[in-house]
Amino acid sequence: MESSPTRPPDGGHNGQRGPAREFRDQARNALIQSRLTPNAISMVGLVGNLIAAALVLQEMFFLAGIAFILGSVMDTLDGRDRIEEGIVLTAVAYYFAEQGDSLAAAACVYVVLGSLMVSYTRARAEALGVECKVGLATRPVRVVLLSIGLLFAKGAGLGDFELLAPAVYVMAVLTTVTVFQRVWHVRGELAKEA
């Protein structure tokens, strides 16, 4: 089987596979053997994230974090970026707005738009024949950051922390950086081909 010069045959960088990719592939294979369809897996991810959003609205942040993690794991098994994190971020934005923190609420909206742009730049690059998985704020990174924010939000029960707003601010910065990283990466790759 012939592979394209911009994409290593195993999908890794320089032929190496990371532990996260290995875990995802093993989990995906186990789910395939269980006869669950990709649509069923995606629906479980959606339901998990809807539950997480509802728990955020009830200010049950620790449970929201757990539901978000489980929903996001199911959602990412097929390797596609989804918008379910936007559902949870919308609930977080509503929470911040109710608390009178308009800056954090606006940052949530910005992160949702930034996350869509991260996915969009990848899709556009791949439409041009360029692999584009570069950048700091890939979906797994965003999931980890939001999970930390939810698990260590004020009132979550894991110490006297308030990491939800800082997590959202970090995500806002990293999604912006990632969009620019991807644009410059694609531009460089296309210039090499010219």
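The values are calculated or read from the model by the stated rules, or taken from the named source; none is laboratory data. None of these values were measured; they are calculated from a predicted model. Cβ atoms come from the backbone with ideal geometry, glycine included; neighbour counts cover every protein chain shown. Side chains are part of the model used for accessible areas, which takes the heavy atoms of the whole protein and leaves out ligands, DNA and RNA. Shrake-Rupley method; radii C 1.70, N 1.55, O 1.52, S 1.80 Å.
A few points about this structure:
- Every condition in (1) surrounded by fewer than 10 Cβ atoms within 10 Å (Cβ to Cβ); (2) of a type outside the set (D, E, K, R); (3) at pLDDT 70 or above holds for residue 16 except the one numbered (3).
- Single match in 118, 92, 168 (criterion: at pLDDT below 95 and open to solvent by less than 40 Å² (accessible area, probe 1.4 Å)): 118
- For residue 147, the stated conditions hold: it is among the polar types (S, T, N, Q), under 19 Å from residue 63 (Cβ atoms) and open to solvent by less than 40 Å² (accessible area, probe 1.4 Å).
Yes/no matrix, rows are residues, columns are (1) over 30 Å from residue 185 (Cα atoms); (2) touching a Phe, Trp or Tyr at 6+ places or on another chain (Cβ under 6 Å); (3) at pLDDT below 85; (4) assigned to a helix (DSSP H, G or I):
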residue	(1), (2), (3), (4)
1	no, no, yes, no
7	no, no, yes, no
23	no, no, yes, yes
44	yes, no, no, yes
48	yes, no, no, yes
53	yes, no, no, yes
59	yes, no, no, no
66	yes, no, no, yes
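- Selection of first residues in the stretch 47-68 that are within 17 Å of residue 158 (Cα to Cα) and open to solvent by 10 Å² or more (accessible area, probe 1.4 Å) and of second residues that are in a helix (DSSP H, G or I) and among the β-branched types (Val, Ile, Thr), restricted to Cβ pairs under 8 Å at least 6 apart or on distinct chains, gives the following pairs, ordered by first then second residue: 67/51.
- Residues that are in a loop (DSSP other than H, G, I, E, B) and either basic (Lys, Arg) or touching a Pro at 6+ places or on another chain (Cβ under 9 Å) (or both) within the stretch 153-194 comprise just one, 154.
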